[in-house]
Amino acid sequence: MTLMRALLGAAAATAMTASTAMADPAIVFDLGGKFDKSFNEAAFGGATRWAEETGGKFREIEMQSEAQREQALRRLAESGSNPVVMTGFAFGNVLSEVAPDYPDTSFVIIDMVVDQPNVRSVVFNEHEGSFLVGMMAAMASESGTVGFIGGMDIPLIRKFACGYAQGVKSVNPDATIIANMTGTTPAAWNDPVKGSELTKAQIGQGADVVYAAAGGTGVGVLQTAADENILSIGVDSNQNYLHPGQVLTSMLKRVDNAVYNAFTDGPGLETGFRVMGLSNGGVGYALDEFNAELVSAEMQAAVDEASGKIASGDMMVHDYTSDDSCPALTF
């Protein structure tokens, strides 16, 4: 009898362990990988923070090609991972097809809206954070010409550029803003050589501050800016440390918080549409020991004042994606 109880207890414990393991969360990184020092790495940071704080484990997949998107989501859902988080708008169409097939799995997509009952869609007010770093660019520029280098030419990246241009113009209405996109395919997110070439071209046109919103391509932008002794602005993650004293600031897009919150909420998380902006800590700018000497008290005060006004609704920043237009920049 005692042996039977022991066997039953062991079986129950094994079943519980298996059940717990099956409910581990998972994340799929977009092209560029989890160490792109930008968007994906911010997401990885949120997953890692959750694991360190809770002692939990998570599964992860780094895609190598576009063809793997659907395969990755189905593999994780069928293995019992829950919730399944994915980084990037490009998962939108695939998730719309996959989510209905796994109604008991919670999915979270960042940067795209997918209207399914088991999907949480998280988007950001990138234009708000970009406005702030645009102000800083204009205040730091000596030439009156600043640059923007985007990754793939899509409305989302134009949203960054438009917010940046509005911030620049709010400080210097006569400023010149040079904007270039790296490409029109997903390869544009991971082309630091092209990022470097575009940076040199903008410097040749007089730019002395360049903002990169281009994923892994931005690493080439920041490196070349440092080599050519101009200022750069990082994006998504805090990239100030990459070139201390040369990166004016970084526009923080708190993808880490979106992932951390999803993992914390766990299976059966609240789904629907979520917006993260200045009002709820979703975007901002980075100030630390690596850029402190570049950001004057006057600059910080002006940006913080604007941040408060935007967060409260007293100041509006035009969102390019609302009407595919930008009052401060022509694409």
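Side notes on the structure shown:
- Charge tally in the Cβ shell below 12 Å around ALA51, where Lys, Arg are +1 and Asp, Glu are -1, ALA51 excluded: -1
- Region 248-320 has equivalent-ellipsoid semi-axes of 28, 17, 9 Å, by the square roots of 5 times the alpha carbon gyration tensor eigenvalues, sorted largest first.
- Think of the chain as a dipole: +1 on every Lys or Arg Cβ, -1 on every Asp or Glu Cβ, centred on the Cα centre; then among LEU156, PHE290, SER170, LEU156 lies furthest on the positive end.
- Residues PHE331, PHE131, arranged from fewest to most other Cβ atoms within 10 angstrom of their Cβ, appear as PHE331, PHE131.
- Share of Cα-Cα pairs in region 79-129 lying beyond 16 Å, as whole percent: 35 percent
- Its Cα gyration tensor gives the chain an equivalent ellipsoid, and the semi-axes of that ellipsoid, as √(5λ) in whole Å with the largest first, are 40, 19, 19.
- Cα-Cα pairs of region 99-152 separated by more than 19 Å (percent): 53 percent
- Region 66-81 and region 286-301 have their alpha-carbon centroids 43 Å apart.
- Ordered by the number of other Cβ atoms lying within 10 Å of each residue's own Cβ, fewest first, MET316, MET276 fall into the sequence MET316, MET276.
- Sorting the segments 294-306, 167-179 by their residues' average number of neighbouring beta-carbon atoms within 10 angstrom, most packed first, yields 167-179, 294-306.
- Estimated [θ] at 222 nm from DSSP helical runs (n ≥ 4, -39500 (n - 2.57)) normalised by residues in the chain, nearest 500: -13500 deg cm²/dmol
- Seen from ALA72, the other residues with C-beta closer than 15 Å to its C-beta sum to a net charge of -3, counting Lys and Arg as +1 and Asp and Glu as -1.
- Near ASP36, the amide H atoms lying under 5 Å from its own belong to GLU41; only residues 5 or more places off or on other chains count, and H is placed 1.01 Å from N.
- Since only TYR241, ALA99, LEU198 are under comparison, the one whose Cα sits farthest along the positive direction of the charge dipole of the chain, derived from C-beta charges on Lys, Arg, Asp and Glu, is ALA99.
- Under 20 Å of direct C-alpha separation, and excluding same-chain neighbours fewer than eight residues apart, LYS169 reaches these lysines: LYS159, LYS309.
Coordinate-derived values only; no laboratory data. Treat the numbers as computed from the prediction; the structure is a model and nothing was measured. Cβ atoms come from the backbone with ideal geometry, glycine included; neighbour counts cover every protein chain shown.
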